[in-house]
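Read the structure below first, then the notes.
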Amino acid sequence: MMDQMSNHHQLRRMVEQLQREADIQRIKTSEASSSLMRYIQEHEAEDYLLVGFSSQRANPFREKSSCALL
């Protein structure tokens with residue numbers, strides 16, 4: 001009896017998930033890639049991987065200097 005209820009609950013959750021996925025608005029890949037390329041081109045000036053940092057101190061990924069006390 002418990003297994004049937006558990007199985008029923010799992011199936012209900014699966015159906016609900018499939019219904020949510022079916023309701024997702026989809027666009028063509030060509031539209032998505034065009035939109036992505038446009039976004040990248042509009043924001044490339046802000047991309048530190050492309051333009052770099054204004055100084056080493058502004059770079060959060062720089063190697064930290066180590067201090068050794070003797």
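In segment 42-60, is there at least one residue being open to solvent by less than 80 Å² (accessible area, probe 1.4 Å), part of a helix (DSSP H, G or I) and modelled with pLDDT of 95 or more?
The answer is no; no qualifying residue exists.
Tally time: how many residues in segment 1-32 are open to solvent by less than 100 Å² (accessible area, probe 1.4 Å) and polar (S, T, N, Q)?
Residues flagged as open to solvent by less than 100 Å² (accessible area, probe 1.4 Å) and polar (S, T, N, Q) within segment 1-32 amount to 4.
Kindly provide the set of residues from segment 28-70 that are within 23 Å of the chain's Cα centre (by Cα) and of a type in the set (A, V, I, L, M), ordered by number. Lay out the reasoning, then the answer.
Residues of segment 28-70 that are within 23 Å of the chain's Cα centre (by Cα), as a first pass: 28-52, 59-61.
Of everything in segment 28-70, those that are within 23 Å of the chain's Cα centre (by Cα) and of a type in the set (A, V, I, L, M) turn out to be A32, L36, M37, I40, A45, L49, L50, V51.
Taking only pairs six or more apart or across chains, which ones have beta-carbon atoms under 9 Å, a first residue in segment 38-64 that is without any contact (Cβ under 8 Å) to a residue 12 or more places away in the chain, and a second residue that is small (G, A, S) and in a helix (DSSP H, G or I)?
Every condition considered, the pairs that remain are Y48/A58; V51/A45.
The values are calculated or read from the model by the stated rules, or taken from the named source; none is laboratory data. Small disclaimer: the values here were computed from a predicted structure and weren't measured. Quick reminder, even Gly has a Cβ in these numbers, built from the backbone with ideal geometry, and neighbours come from all protein chains shown. The area values use the complete protein model at the heavy-atom level, side chains included, leaving out ligands, DNA and RNA. Shrake-Rupley method; radii C 1.70, N 1.55, O 1.52, S 1.80 Å.
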